[in-house]
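Trainee: Could you have a look at this structure, given as structure tokens, before my questions?
The values are calculated or read from the model by the stated rules, or taken from the named source; none is laboratory data. What you see is a predicted model, and the numbers here were worked out from it, not measured in a lab. When we count neighbours, we look across all protein chains shown, and the Cβ atoms used for this are built from the backbone with ideal geometry, even at glycine. To get the accessible areas, we keep the full protein, side chains included, count just its heavy atoms, and leave off ligands, DNA and RNA. Shrake-Rupley method; radii C 1.70, N 1.55, O 1.52, S 1.80 Å.
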Amino acid sequence: MNTLIALCIAPCGTGDEYAADVAEIVDIIRRSGLKSRTNSMFTEIEGEWDEVMSVVKKATFHFAERGIRTEVIMKADIRPGHTNMMTRKVAAVEDILKK
């Protein structure tokens, strides 16, 4: 079933700047081959539930397996019969704003 996830994963207690850490997580997500998009707060991932959750698990344990406390914030939209939600949802809002 198609799933859209908004995901934020960060190590805790490693300093004030997380860009390098976030880049490690984004690299894991991008190498998965799933459709993704990163913004300043979250990375969105879209695909089949099991594939998306496998990537979420891999990314989540990236720091934890090194003994680093890890914070995860995740929001999921499971919408049967819909695909390309990452772009279609934004396009629908933009269309309304153009009117």
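Trainee: Out of (1) touching a residue at least 60 places away in the same chain (Cβ under 8 Å); (2) loosely packed, with under 15 Cβ neighbours inside 10 Å, what's the single condition that is false for residue 85?
Mentor: (2)
Trainee: Of the residues in the range 37-66, how many are in a strand (DSSP E or B), among the charged types (D, E, K, R) and either open to solvent by 80 Å² or more (accessible area, probe 1.4 Å) or under 14 Å from residue 21 (Cα atoms) (or both)?
Mentor: Summing the residues that are in a strand (DSSP E or B), among the charged types (D, E, K, R) and either open to solvent by 80 Å² or more (accessible area, probe 1.4 Å) or under 14 Å from residue 21 (Cα atoms) (or both) in the range 37-66 gives 2.
Trainee: Among the residues of the range 11-25 satisfying the criterion of being surrounded by 15 or more Cβ atoms within 10 Å (Cβ to Cβ) and of a type in the set (A, V, I, L, M), which is modelled with the highest pLDDT?
Mentor: 25
Trainee: If you scan the range 72-82, which residues turn out to be within 10 Å of the chain's Cα centre (by Cα) and either among the charged types (D, E, K, R) or open to solvent by 70 Å² or more (accessible area, probe 1.4 Å) (or both)?
Mentor: Across the range 72-82, the qualifying residues are 73, 74, 75.
Trainee: Just to be sure, is residue 69 farther than 14 Å from residue 4 by Cα, modelled with pLDDT under 95 and open to solvent by 70 Å² or more (accessible area, probe 1.4 Å)?
Mentor: yes
Trainee: Restricting to the range 1-54, and then to whatever is in contact (Cβ under 8 Å) with a residue 60 or more places away in the chain and among the hydrophobic types (A, V, I, L, M, F, W, C), can you tell me which residue is farthest from residue 85 (Cα to Cα)?
Mentor: 10
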